[in-house]
Amino acid sequence: MGRRKKREKRDMNPDPKYSNLTVAKFINHIMSDGKKNTARDVVYNTFEKIEEKSKKDALDIFDQAIKNVTPSLEVKSKRVGGANYQVPITVRADRKLTLAMRWILDAAKKKKGKSMPEKLSAELLDAANNTGTAIKKKTDTYRMAEANRAFSHFVR
């Protein structure tokens, strides 16, 4: 057991435009070098592009995309008797959201030739339709957890 105190969770304010806590967390994931207004512009432009393309509410598509990409299982390395095993574990609730946002952003960043709002809107629409790179990452993780199910008895 660690001797330090656990870090206390800070309360977040919802984003100003949509009054949604998940959107505020997504903005913080996009933000780099403390440029929150730039990150907000990217997210809001992304939502406008989603509404143009799909003719549906962008917040609903965003929530559906996050829900579709959210993993239920992941694998962690565990060293037992000199060998490393990939042990499948269930994902904590806060980590589920973090992984989903990270996978969507990574998939959008890897696309080439367009602006970030265009890439992000395309990836969010793909994720809402259960296609795309972020969904592939989720299925690969789940497949790896299923393949290593025999080692699940090594869970702490």
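The values are calculated or read from the model by the stated rules, or taken from the named source; none is laboratory data. Everything quoted here is computed from the prediction, not taken from an experiment. When we count neighbours, we look across all protein chains shown, and the Cβ atoms used for this are built from the backbone with ideal geometry, even at glycine.
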- Task: Just give me the residues in region 101-116 being assigned to a helix (DSSP H, G or I) and closer than 21 Å to Glu51 by Cβ, in sequence order.
- Result: Met101, Ile104, Leu105, Ala107, Ala108, Met116
- Query: Limited to region 46-101, what total is found for residues that are among the acidic types (Asp, Glu) and either out of contact with any helix residue (DSSP H, G or I) (no Cβ under 8 Å at 6 or more places or on another chain) or on the phi > 0 side of the Ramachandran plot (or both)?
  - Reply: 3
- Task: May I ask you to list the residues in region 1-45 that are among the hydrophobic types (A, V, I, L, M, F, W, C) and out of contact with any helix residue (DSSP H, G or I) (no Cβ under 8 Å at 6 or more places or on another chain)?
- Result: Met1, Leu21, Ala24
- Query: Restricting attention to region 117-150, which residues are surrounded by fewer than 16 Cβ atoms within 10 Å (Cβ to Cβ) and in a helix (DSSP H, G or I)?
  - Reply: Lys136, Thr139, Asp140, Arg143, Met144, Glu146, Ala147, Arg149, Ala150
- Query: What number goes with the only condition from (1) closer than 20 Å to Val42 by Cα; (2) touching a strand residue (DSSP E or B) at 6+ places or on another chain (Cβ under 6 Å) that Glu118 does not pass?
  - Reply: (2)
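Condition check ((1) among the polar types (S, T, N, Q); (2) within 22 Å of Lys138 (Cα to Cα); (3) modelled with pLDDT of 95 or more) across all residues:
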{"position": "Tyr18", "(1), (2), (3)": "no, no, no"}
{"position": "Val23", "(1), (2), (3)": "no, yes, yes"}
{"position": "Thr38", "(1), (2), (3)": "yes, no, yes"}
{"position": "Glu48", "(1), (2), (3)": "no, no, yes"}
{"position": "Lys55", "(1), (2), (3)": "no, no, no"}
{"position": "Asp63", "(1), (2), (3)": "no, yes, yes"}
{"position": "Val69", "(1), (2), (3)": "no, yes, yes"}
{"position": "Val75", "(1), (2), (3)": "no, yes, no"}
{"position": "Lys78", "(1), (2), (3)": "no, yes, no"}
- Query: Looking at this structure, is Ala93 among the small types (Gly, Ala, Ser), closer than 30 Å to Asp140 by Cα, modelled with pLDDT under 95 and within 15 Å of the chain's Cα centre (by Cα)?
  - Reply: yes
- Are there any pairs, at least 6 apart or on different chains, whose C-beta atoms fall under 6 Å, with the first in region 96-113 and touching a residue at least 40 places away in the same chain (Cβ under 8 Å) and the second surrounded by fewer than 18 Cβ atoms within 10 Å (Cβ to Cβ) and not in a helix (DSSP H, G or I), and if so, which? none
- Which ones in region 40-88 are in contact (Cβ under 8 Å) with a residue 60 or more places away in the chain, in a strand (DSSP E or B) and out of contact with any Lys or Arg (no Cβ under 7 Å at 6 or more places or on another chain)? Leu73, Glu74, Val75, Lys78, Val80, Gln86
